[in-house]
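Have a look at the structure below, then the notes.
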Amino acid sequence: LFTPAQVRHLWMRDQRCTFPGCSRPAAWTDAHHLIHWADGGPTDIANAALLCRAHHTVVHQHRYAGAVVTGPSGPRVAWDLANGSYQHQLESWRRQRAPDATEPPDDPGDGGPPR
């Protein structure tokens with residue numbers, strides 16, 4: 001769950017439900033994980049958006065993707081309303097977090113000089 005301080009920050013940043021065309025005020029919204037916590041998404045404001053209950057349901061039903069983007073007025077949430085766009089976003093997020101396959105694995109030794 002998002003902390004009260006995180007929710008206050010989202011109220012200031014988003015000011016309302018972030019779903020396109022919705023004008024429900026922040027007080028009528030919940031904090032939503034853009035990368036779901038069950039998929040490993042962090043509970044931080046860079047991974048959060050305010051959604052009213054109706055649009056929170058719509059986002060999950062259609063598996064829409066959202067992302068915090070920086071614009072001329074500061075950060076805002078942009079939504080990809082293509083059905084299933086969340087799956088593409090999740091795959092991309094996981095690729096970005098995956099360790100680089102070209103890096104050698106950590107040496108499990110004691111850190112001393114090789115023998």
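The values are calculated or read from the model by the stated rules, or taken from the named source; none is laboratory data. Predicted model only: the values in this text are computed from it and were never measured. Quick reminder, even Gly has a Cβ in these numbers, built from the backbone with ideal geometry, and neighbours come from all protein chains shown.
List of remarks:
- Just one of the numbered conditions (1) over 27 Å from Glu91 (Cβ atoms); (2) in contact with a Cys (Cβ under 8 Å, 6 or more places away or on another chain) is not true of Ala27: (2).
- Residues of segment 15-24 that are over 23 Å from Ser92 (Cβ atoms) and either β-branched (Val, Ile, Thr) or not in a loop (DSSP other than H, G, I, E, B) (or both): Arg16 alone.
- Of residues in segment 1-29 being surrounded by fewer than 12 Cβ atoms within 10 Å (Cβ to Cβ) and not hydroxyl-bearing (Ser, Thr, Tyr), the one nearest to His62 (Cα to Cα): Pro20
- Subset of segment 62-86 that is of a type in the set (S, T, N, Q) and loosely packed, with under 12 Cβ neighbours inside 10 Å - its residue that is modelled with the lowest pLDDT: Ser73
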